[in-house]
Amino acid sequence: MAVELDHSFVSEKPIDERYATVLDLERVVPCVEGGRVLEPVDPTTVKAEIKVKMGAMSMTFTGTVEIVEQDPAAHRVVMRVKSKEAGGQGYANADVTFALADGGGTIHTSAQISGKAASMGEGVMVGVLDALIADFAGKLAAL
């Protein structure tokens, strides 16, 4: 199942400070509800885990978060998330694009999901992912 979502956030912090924050994966990953860094791989990649609750089901996904594009002049960052469901056949992968501007920014998420999470149906999956990213955007703005 493919999902495309857009979110915006407001922040009074200077744009260069927010750009540096987005590049700091060890600070950004825990802003995702249920997310944590397992270990840094290099300055642009971490091994991470996220525990997601969908209705009565809970799933844990482990994998990597990698910064695949950085444009300091445009204050744009693209992260690639590749994860597999623990003990299952499913995966949740995404490209997340941060476009920062004065006073805030946008987050575009292009996700591909399979397995138990996808079997919950598009409405449930989109609702859970949308809430997760909206919460993340609020926490990111506060960093």
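Only the coordinates and a few stated rules stand behind these numbers; no lab work does. Treat the numbers as computed from the prediction; the structure is a model and nothing was measured. For neighbour counting, all protein chains shown are included, and Cβ atoms are generated from backbone atoms with ideal geometry for every residue, glycine included.
Taking the inverse of the mean 1/r over every pair of distinct Cα atoms in the stretch 20-143 gives a Kirkwood hydrodynamic radius of 14.8 Å. In order along the stretch 93-109, phi translates into HN-Hα couplings of 10, 7, 10, 10, 10, 9, 10, 8, 9, 4, x, x, x, 10, 10, 10, 10 Hz, rounded to whole numbers, per the Karplus curve 6.51 cos²θ - 1.76 cosθ + 1.60 with θ = phi - 60° and x for Gly and Pro. Farthest towards the positive end of the charge dipole of the chain, among the residues Pro14, Val41, Ala101, is the Cα of Val41, using unit charges on the Cβ of Lys, Arg, Asp and Glu.
I'd like the orientation of helix 122-142 relative to the chain: the angle between its Cα long axis and the longest Cα principal axis, in ° from 0 to 90, rounded to 10. Helix 122-142 sits roughly 30 degrees off the main axis of the chain.
With the cut-off at 1.5 for a/c, could you classify the stretch 69-124 from its C-alpha gyration tensor as rounded, prolate or oblate? Prolate, because a/c is 1.5 or more and a/b exceeds b/c. Working from Cα pairs under 8 Å separated by at least six residues, relative contact order for the stretch 44-143 is 17 percent. Placing +1 on each Lys and Arg Cβ and -1 on each Asp and Glu Cβ, with no other charges, gives the stretch 2-142 a dipole about its Cα centre of roughly 500 debye. From helices alone, the chain scores -7500 deg cm²/dmol at 222 nm; the rule is -39500 (n - 2.57) for each run of n ≥ 4 DSSP H residues, then divide by the residue total.
State the extension gain, in nm to one decimal, for the chain segment bounded by Asp24 and Asp71, taking 0.36 nm per residue of separation less the distance between their alpha-carbons. Could you put the intermediate results ahead of the total?
Details: separation 47, 0.36 × 47 = 16.92 nm, distance 1.46 nm.
Between Asp24 and Asp71, full extension yields an extra 15.5 nm.
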